[in-house]
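Here is the structure we will look at.
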Amino acid sequence: MFTCKLSNTHEDFCALTHALDTELNARYGKVQALYDQHNVIDPIETALVGYEDELPVACGCFKKIDAKTVEIKRMFVHLTYRRRGFSSQILGALESWAAELGFSEACLETGKGQPEAIALYAKMGYAVIPNYGPYMGMENSVCMHKVLRS
């Protein structure tokens with residue numbers, strides 16, 4: 001897999017996140033509507049798309065939270081490409097990119113109905129923290145944090 005740094009408005013990123021939204025709605029049903037508002041991101045230039053044989057198969061992005069922290073968003077691997085290490089590659093590349101830009105911490109939110117995502121983030125060094133910001137009081141949320149290596 002090779003990755004390209006893109007805007008989150010790029011058609012390949014948008015197609016993958018549309019597939020992500022479809023999957024989240026299938027997993028969570030009506031509850032997902034509470035979270036959809038937090039998945040809309042203003043245009044940013046910190047998105048990655050991973051390609052296999054020129055097909056977009058994985059994505060993720062980050063947005064600035066404050067001077068030292070980014071939030072990892074919109075992580076997704078197409079169903080037929082899972083269990084090949086693409087999510088770890090995308091996450092690692094996002095973390096490295098954020099560190100290159102001077103950020104020292106990353107946080108993220110995922111759902112209790114996504115045990116594979118929780119396992120990935122734990123494997124990559126993220127620790128569960130109290131729910132932050134818009135996820136406070138949202139019982140299906142699992143928030144995590146990691147100190148980035150520079």
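The values are calculated or read from the model by the stated rules, or taken from the named source; none is laboratory data. What you are looking at is a predicted structure, and each value in this text was computed from that prediction instead of being measured. Note that each Cβ is placed from the backbone with ideal geometry, even for glycine, and that neighbours are counted across all protein chains shown.
Only one of Gly111, Gly29 is in contact with a strand residue (DSSP E or B) (Cβ under 8 Å, 6 or more places away or on another chain) and either at pLDDT below 95 or farther than 25 Å from Tyr135 by Cα (or both). Can you tell me which?
Answer to the selection: Gly111.
Determine, yes or no, whether Gly133 is modelled with pLDDT under 95 and in contact with a strand residue (DSSP E or B) (Cβ under 9 Å, 6 or more places away or on another chain).
When the stated conditions are applied, Gly133 passes them.
Can you name the condition, by its number, that Met138 falls short on among (1) in a helix (DSSP H, G or I); (2) surrounded by 15 or more Cβ atoms within 10 Å (Cβ to Cβ)?
(1)
Could you please give the count of residues in the stretch 122-150 that are aromatic (Phe, Trp, Tyr) and without any contact (Cβ under 8 Å) to a residue 24 or more places away in the chain?
Of the residues in that region, 1 qualify.
Within the stretch 93-117, track down each residue that is surrounded by 13 or more Cβ atoms within 10 Å (Cβ to Cβ), of a type outside the set (Ser, Thr, Tyr) and in a helix (DSSP H, G or I).
Ala93, Leu94, Glu95, Trp97, Ala98, Ala99, Ala117
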